[in-house]
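Contents: one structure, followed by commentary.
The values are calculated or read from the model by the stated rules, or taken from the named source; none is laboratory data. Predicted model, so just to flag it, every value in this text is computed and none were measured. Because the Cβ atoms are built from the backbone with ideal geometry, glycine has one as well, and the counts that use them run over all protein chains shown.
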């Protein structure tokens, strides 16, 4: 599967900034059909980083979000900067 079909875009909200600073996590809006394993592989491929875990959540609008936790050697803030969120 194409990584750009799995990962739609990163979320830059107050909550996502807090999670980035406190828990080394970033939030991405992802394809409704994607699995945690596919999301993890897509993020690792895209940014050449190590992902510790992925939690998914579907909101009331049917939008699927992935909460991606990065390993300690890959600060989320660096990845956000690389994407132009910071």
Only unsatisfied item for residue 18, checking (1) in a loop (DSSP other than H, G, I, E, B); (2) loosely packed, with under 12 Cβ neighbours inside 10 Å, is (1)
Count of region 50-77 residues which are loosely packed, with under 13 Cβ neighbours inside 10 Å and either out of contact with any strand residue (DSSP E or B) (no Cβ under 8 Å at 6 or more places or on another chain) or more than 13 Å from residue 29 (Cβ to Cβ) (or both):
7
Top-ranked residue of region 46-83 - restricted to ones that are out of contact with any helix residue (DSSP H, G or I) (no Cβ under 8 Å at 6 or more places or on another chain) and within 16 Å of residue 14 (Cα to Cα), ranked as modelled with the lowest pLDDT:
81
Output for Cβ contacts, cut-off 6 Å, separation at least six or different chains, first residue within 12 Å of residue 36 (Cα to Cα) in region 48-61, second at pLDDT 95 or above and loosely packed, with under 13 Cβ neighbours inside 10 Å, reads 52/71
